[in-house]
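Engineer: I have a structure I would like to understand better, so I am pasting it below and will then ask my questions one at a time.
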Amino acid sequence: MSKRKDGSTLNRRGLLKGATVASLAALGSSQAMAQAPAQSRPAGPNVSPADAGRPREVPIVQDNCGSDYMADVIKSLGIEHVACNPGNSFRGLHESLINYLKIDWHTCTHEEASVAMANGYAKIEGKPMLTLAHGTVGLQHASMALYNAWCDRVPVYMMVGNILDAAKRAPGGEWVHSVQDAAATVRDFVKWDDVPGSLTHFGESAVRAYNIAMTPPRAPVLLVLDAELQDGPLPPHEKLTIPRLPKMAPLIGDPGAVAEAAQLLVNAANPVLVADRCGCSQAAIDRLVELAELLQCAVVDLGGRMNFPSRHPLNQSERARAVVREADVIVAFEAENLWGATHTFHDAVERHYDAIIRPGTRLVSIGAAHLYVKANYQDFQRFTEIDLAIPADAEATLPYLIEAVKQRVPLDRKAAMTTRGERLSEAHRQTIKRLKEDALYGWDASPISTSRLAAELWEAIRTEDWSIGAVGSNNRPSWHRRLWDMTKYYHFTGPAAGGGEGYGAPAAAGAALANKKHGRLTVTIQGDGDLMYSPGVLWTCAHSRLPILYVVHNNRGYHQEKLVIQRMANRRQRGIDRSHIGCALDDPFIDYATVAKGLGVASFGPITDPDDLGPALKKAVAVVKRGEPALVDVVSQGR
Ligand SMILES: Cc1ncc(C[n+]2csc(CCOP(=O)(O)OP(=O)(O)O)c2C)c(N)n1
Ligand SMILES: [Mg+2]
């Protein structure tokens, strides 16, 4: 018996004795209803005039249903996995997918996590998985992750449930979860959406959506599924077939324009290749290497994907400004932010740009960005004056550009190209040497330096077949790109292109799902702030047995934002002693190892002594190699 503050007492038996059935029903207690005397139950259904004559409580046995057909179409697209948080607006499809199709299912605790998982998966696998969301509320939760995927040009294949017919909605929840035009919330950042009105319409739109998502520039698509279409039987007079997915020809740049670009490259004294989201496959990396070696020219990897081997002598990414400054021709591959690559930006006092490129430098841009743009969201970046724009898939165009360059390299230029390559090689060697020296600063410090964190992690995984699933939501801390020998497209998949925090942890889980069948170990350097947006994904990793190592870069706060506030306070000469307010994750410190443990993930830490880090990582890698997730909480410095 519990004693309440007002002095009255309340116990379960007393409550039951005094309660009426009506009040118990109002409490919504099915247990209480079960215990109520039988004779006090309502005698029968309260039939309204509109319902008169309608059979009630007749068990319905369905031997076919629309959602089985939907599942067949989904299967025909080669979709193997689903990530989602459940909701009754897609109950029909949910049931068909688990019982009829028996698809591989990944339960998520938040729609943002399920879409980010699908994003991370597609970046490794090169094709989408399915993600589902519940009506209005699920799609609203999913929206920022969709935005990240859209800015990243990643094919996310999404469906949401909805009940269009107002006369069929149950009172209450089904009304607030239904909507006239579900996709309106996200239409600005999906490539295509549709609301199928029949199963035939669904089949055609599902195949069309897949095709649109996978045609460069790749991007998310959304189908809104009416509940009746899923739940109802197959219409007797509708002859259903599964529409065929076409074989897609690659999107190759215009041959004349490709020849012009090749001529510019061959004639240039200092050509530079700049790549951002080009390295979506191993072929793309290998082709960029072939082109760079042919020309013996500098390559700048902007990091939207893994575009170029980190230890290749022509990789000049760490001295990008120097090579861009001396370039007379720049050819960009899937690089939307060419302005950013050719300018510096200062906002110390007022926002202004300075050009890095010299006047007269010729700019060529090859990419799918030239084929697609939307108005409202501004991910297209500042307008850049380009000399030659080639709308195409850069990876598909590279073999033709290589051929065109081969045909045009004059014999008497070969010696000069070799000398150029040697000069770049030496600069690369010097840069790596300097970076290794820089990495030693604060080697024994506690909190642990970010370079030590990256170096210890490299030591723990370098002999494995490894993949960085994501690095927080941005590319910080970026020591892995400086210190690690990265060669494969799956070694790194880039940041959250929309800059939406909460991407890193679930995107890495999606990458782990894709890497799992290859026996690859997925690792992620995980910002503490980023992790706290969707920590529930750790449970998904445990539940789905995803082999992934989360190394928490725990600087105990939103460090980037703290630096921004410090700069602002400095500018106003008010001191930085209060800049932690709103940016620190302390008082109390979050114990990530305990959080992970509670979510079923083996965990280590918090590690504060740098000498403890190597052994902890070794133990965590052993867990991951057994096929399970692990987390190491590393109390680290800011960046
Ligand atoms: C959804 C969202 N909210 C807020 C921000 C602003 N923001 C940018 S970086 C950052 C800090 C992220 O913290 P953490 O992952 O710990 O990285 P750190 O800056 O500490 O290295 C925040 C809050 C954002 N980018 N996205
Ligand atoms: Mg942080």
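Engineer: Could you tell me whether residue 481 is touching an Asp or Glu at 6+ places or on another chain (Cβ under 9 Å), assigned to a helix (DSSP H, G or I), over 19 Å from residue 615 (Cα atoms) and modelled with pLDDT under 95?
Structural biologist: When the stated conditions are applied, residue 481 passes them.
Engineer: Hey, does the range 599-608 have a residue that's over 27 Å from residue 455 (Cβ atoms) and away from ligand 2 (no atom under 16 Å from the Cβ)?
Structural biologist: yes
Engineer: Going through the range 317-341 one residue at a time, which ones are outside any strand (DSSP E or B), within 27 Å of the chain's Cα centre (by Cα) and under 24 Å from residue 401 (Cβ atoms)?
Structural biologist: Residues satisfying the conditions are 317, 320, 334, 335, 336, 337, 338, 339, 340, 341.
Engineer: Go through the range 622-634 and give me each residue that's farther than 13 Å from residue 538 by Cβ and surrounded by 21 or more Cβ atoms within 10 Å (Cβ to Cβ).
Structural biologist: Passing the criteria: 624, 634.
Engineer: Same structure again: Only one of 536, 529 is modelled with pLDDT of 95 or more and within 12 Å of ligand 1 (Cβ to nearest atom). Can you tell me which?
Structural biologist: Of the residues listed, the single one that is modelled with pLDDT of 95 or more and within 12 Å of ligand 1 (Cβ to nearest atom) is 529.
Condition check ((1) part of a loop (DSSP other than H, G, I, E, B); (2) without any contact (Cβ under 8 Å) to a residue 40 or more places away in the chain; (3) more than 16 Å from ligand 2 (Cβ to nearest atom)) across all residues:
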position: 534; (1), (2), (3): yes, no, no
position: 539; (1), (2), (3): no, no, yes
position: 542; (1), (2), (3): no, no, yes
position: 545; (1), (2), (3): yes, no, yes
position: 550; (1), (2), (3): no, no, no
position: 561; (1), (2), (3): no, yes, no
position: 566; (1), (2), (3): no, yes, no
position: 573; (1), (2), (3): yes, yes, yes
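Engineer: Right, next: Within the range 452-466, count every residue that is under 25 Å from the mean Cα position of the chain (by Cα), surrounded by fewer than 22 Cβ atoms within 10 Å (Cβ to Cβ) and under 21 Å from residue 434 (Cα atoms).
Structural biologist: 1
Engineer: Whether any residue in the range 428-436 is among the hydroxyl-bearing types (Ser, Thr, Tyr) and closer than 25 Å to residue 284 by Cβ is what I want to check.
Structural biologist: For the range 428-436, residues among the hydroxyl-bearing types (Ser, Thr, Tyr) and closer than 25 Å to residue 284 by Cβ: present.
Engineer: With 160, 190, 186, 156 as the choices, which residue is in contact with a Leu (Cβ under 7 Å, 6 or more places away or on another chain), within 17 Å of residue 534 (Cβ to Cβ) and buried (at least 20 other Cβ atoms within 10 Å of the Cβ)?
Structural biologist: 156
Engineer: Is it fair to say residue 406 is under 19 Å from residue 339 (Cα atoms), touching a residue at least 40 places away in the same chain (Cβ under 8 Å) and not hydrophobic (A, V, I, L, M, F, W, C)? Spell out the reasoning first.
Structural biologist: On the way: under 19 Å from residue 339 (Cα atoms): no; touching a residue at least 40 places away in the same chain (Cβ under 8 Å): yes; not hydrophobic (A, V, I, L, M, F, W, C): yes.
It is false that residue 406 is under 19 Å from residue 339 (Cα atoms), touching a residue at least 40 places away in the same chain (Cβ under 8 Å) and not hydrophobic (A, V, I, L, M, F, W, C).
Engineer: Give the residue, chosen from 246, 217, that is within 22 Å of the chain's Cα centre (by Cα) and either in contact (Cβ under 8 Å) with a residue 12 or more places away in the chain or part of a helix (DSSP H, G or I) (or both).
Structural biologist: Among 246, 217, only 217 is within 22 Å of the chain's Cα centre (by Cα) and either in contact (Cβ under 8 Å) with a residue 12 or more places away in the chain or part of a helix (DSSP H, G or I) (or both).
Engineer: A further question follows. What are the residues in the range 111-134 that are farther than 14 Å from residue 218 by Cβ and under 8 Å from the mean Cα position of the chain (by Cα), if any?
Structural biologist: 115, 116, 117, 120
Engineer: Counting only residues that are surrounded by fewer than 11 Cβ atoms within 10 Å (Cβ to Cβ) and within 30 Å of residue 603 (Cα to Cα), which one in the range 559-593 is nearest to ligand 1 (Cβ to nearest atom)?
Structural biologist: Out of the qualifying residues, it is 586.
Engineer: Within the range 494-517, is there a residue that is away from ligand 2 (no atom under 16 Å from the Cβ) and of a type in the set (Ser, Thr, Tyr)?
Structural biologist: no
Engineer: On the basis of being more than 16 Å from ligand 2 (Cβ to nearest atom), touching a Lys or Arg at 6+ places or on another chain (Cβ under 8 Å) and in contact (Cβ under 8 Å) with a residue 24 or more places away in the chain, does residue 589 make the cut?
Structural biologist: Considered against the rule, which asks whether it is more than 16 Å from ligand 2 (Cβ to nearest atom), touching a Lys or Arg at 6+ places or on another chain (Cβ under 8 Å) and in contact (Cβ under 8 Å) with a residue 24 or more places away in the chain, residue 589 comes out as no.
Engineer: Considering only residues that are within 19 Å of residue 84 (Cα to Cα) and either acidic (Asp, Glu) or in a loop (DSSP other than H, G, I, E, B) (or both), which ones fall in the range 502-523?
Structural biologist: Once the filter is applied, which keeps residues that are within 19 Å of residue 84 (Cα to Cα) and either acidic (Asp, Glu) or in a loop (DSSP other than H, G, I, E, B) (or both), the range 502-523 yields 502, 503.
Engineer: Got a sec? Which of 268, 284 is aliphatic (A, V, I, L, M) and over 23 Å from residue 413 (Cβ atoms)?
Structural biologist: Checking each option against the conditions leaves just 284.
Engineer: Pairs under 8 Å by beta carbon, first residue closer than 16 Å to residue 367 by Cβ and in a helix (DSSP H, G or I) in the range 258-280, partner of a type outside the set (Phe, Trp, Tyr) and modelled with pLDDT under 95, six or more apart or different chains?
Structural biologist: Within 8 Å, no pair qualifies.
The values are calculated or read from the model by the stated rules, or taken from the named source; none is laboratory data. Since the model is a prediction, treat every value here as computed from it, not as a measurement. We place every Cβ from the backbone using ideal geometry, glycine too, and count neighbours over all the protein chains shown.
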